[in-house]
There are 4 protein chains.
Amino acid sequence: MSDLEAIRAAARQFREERDWEKFQDPKSVLLALVGEVGELAELLQWLPADRAKELISAEPLHTRVGEELADVLVYLVGLAEQCGVDLAPAALAKIEKSAIKHPVQQSRGVAPDRTGQ
Amino acid sequence: MSDLEAIRAAARQFREERDWEKFQDPKSVLLALVGEVGELAELLQWLPADRAKELISAEPLHTRVGEELADVLVYLVGLAEQCGVDLAPAALAKIEKSAIKHPVQQSRGVAPDRTGQ
Amino acid sequence: MSDLEAIRAAARQFREERDWEKFQDPKSVLLALVGEVGELAELLQWLPADRAKELISAEPLHTRVGEELADVLVYLVGLAEQCGVDLAPAALAKIEKSAIKHPVQQSRGVAPDRTGQ
Amino acid sequence: MSDLEAIRAAARQFREERDWEKFQDPKSVLLALVGEVGELAELLQWLPADRAKELISAEPLHTRVGEELADVLVYLVGLAEQCGVDLAPAALAKIEKSAIKHPVQQSRGVAPDRTGQ
């Protein structure tokens, strides 16, 4: 079983045991994901930009950021399940599509927004 | 190689070829993730709540929602990479932690927020 | 003094007294706003869509939602201040622009997304 | 009429003319707000943190950021209307509450998160 399938299965079992599937309409799950992204933002918001990577790589932020990233992933997997999207191939396909959209020659070293995206 | 590792490797190669690693500080990547979550929200916002699942499971929304979910995942994997978090075990551990926080007996059928979360 | 000016002045005084202006770069303030939007999402996420309006209009949600809306507004005013945007006329102008984009005849009763927005 | 009342009145008239009030349940409006915050994030995401203020204060970003801020405000006012919150006094009250939570003596010059918020 792949890692995303393992997460999907564990999350589904968690919800089924609690009879929580009934709350899982897509707009509610998306708002839950927004809530978790918000918690991630609260952890990063006032970090100095040039030290943020270092600070979230060490404790106490490492563990807390990891938990919020995990929460976002769990809701993302749940939302993908609802619309029948297989996330891993979808992500790989999207990276390929971006590679075509941003040819190496024109994009090299230029901030993404400024290549005419 | 697991799903998430494959995505991480493909995304890193994409960025390296374009010399885009230098834009990848955590706060910027998180804002990029917020941008993708916003695009997902724009697709779902006005759908009737009770038909949203059906509507995003069929075209034309299925493909578009799949692409936005993919974009969110790619940035999420990138952010996890920055702080050295291994997302799959982190997500499975978080589900276990939630299972302890929300015992089946007390949670069954009660909306998550109302169990005293 | 208008509403928004009063909020801007009170927020600026609050920050100046604490010497917090130095943390107020736009990306940090935007992440703080995202954090508050996330808290709002956490309050609404599992409410039944057809009862949400009623539930947030009554206690205990009324006060909590009001506080989160207030937090979002304070950061929004702060961000507008940073880029020198006068929010009230900007909002009125944007409504007029939307009115032109969505002519009454073609838009009437059709969900916004489906008018070809 | 105050700023925020003028925006509320103009937005309500815009919706009523298009018979769009029926789409305005709180969760949908919040997702619309998330969509606009996402557009704001897309404008700021790759800006160098230390030049972001300068860049969004000048064209072409000044106008675009102003429009996105305006969109966020319009949905925020709409959501406040739905739960019967008067945004301006709520924001001023929240700033006062924050002032008590973060006494000047202990907060001065220390990033908000690190005062034990």
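The values are calculated or read from the model by the stated rules, or taken from the named source; none is laboratory data. Worth saying up front: this structure is predicted, and the values here are computed from it rather than measured. Ideal geometry is used to build each Cβ from the backbone, glycine not excepted, and the neighbour counts take in all protein chains shown. Each accessible area value is taken on the protein alone, full model and side chains, heavy atoms only, with ligands, DNA and RNA left out. Shrake-Rupley method; radii C 1.70, N 1.55, O 1.52, S 1.80 Å.
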**Asked** Can you spot a residue in region C:9-24 that is more than 14 Å from chain A (Cβ to nearest Cβ), closer than 23 Å to D:Ala88 by Cβ and in contact with a Ser or Thr (Cβ under 7 Å, 6 or more places away or on another chain)?
**Response** yes
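Taking the condition of being open to solvent by 30 Å² or more (accessible area, probe 1.4 Å) and not basic (Lys, Arg), how many residues in region C:60-79 meet it? Lay out the reasoning, then the answer.
Of region C:60-79, the ones open to solvent by 30 Å² or more (accessible area, probe 1.4 Å) are C:60, C:62-64, C:67, C:75.
Going one step further and asking which of them are not basic (Lys, Arg), we end up with C:60, C:62-63, C:67, C:75.
Result for region C:60-79: 5.
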**Asked** Quick check: anything in region D:48-56 away from chain B (no Cβ under 13 Å) and either touching a strand residue (DSSP E or B) at 6+ places or on another chain (Cβ under 9 Å) or in contact (Cβ under 8 Å) with a residue 40 or more places away in the chain (or both)?
**Response** no
**Prompt:** Say we look at region B:38-55 and pick out the residues that are assigned to a helix (DSSP H, G or I) and within 12 Å of D:Ala32 (Cβ to Cβ); which of these is most open to solvent (accessible area, probe 1.4 Å)?
**Reply:** B:Glu42
**Request:** Would you mind stating whether C:Lys94 is part of a helix (DSSP H, G or I), in contact with a Gly (Cβ under 9 Å, 6 or more places away or on another chain) and modelled with pLDDT of 95 or more?
**Result:** yes
**Message:** If I go through region D:56-73 residue by residue, how many of them are outside any loop (DSSP other than H, G, I, E, B) and farther than 19 Å from B:Leu30 by Cβ?
**Reply:** 11
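Can D:Ala32 be described as in a helix (DSSP H, G or I), of a type in the set (A, V, I, L, M), farther than 19 Å from C:Ala32 by Cβ and within 14 Å of chain B (Cβ to nearest Cβ)? Don't jump to the end; show me each part of the working.
Values: in a helix (DSSP H, G or I): yes; of a type in the set (A, V, I, L, M): yes; farther than 19 Å from C:Ala32 by Cβ: yes; within 14 Å of chain B (Cβ to nearest Cβ): yes.
Judged against the criteria, D:Ala32 is a match.
Among the residues of region C:1-20, write down those that are assigned to a helix (DSSP H, G or I) and open to solvent by 70 Å² or more (accessible area, probe 1.4 Å).
Initial filter on region C:1-20 (assigned to a helix (DSSP H, G or I)): C:3-18.
Passing the criteria: C:Glu5, C:Arg12, C:Gln13, C:Glu16, C:Glu17.
In this structure, is A:Gly109 over 26 Å from D:Ser28 (Cβ atoms) and either part of a helix (DSSP H, G or I) or in contact with a strand residue (DSSP E or B) (Cβ under 7 Å, 6 or more places away or on another chain) (or both)?
In short, no.
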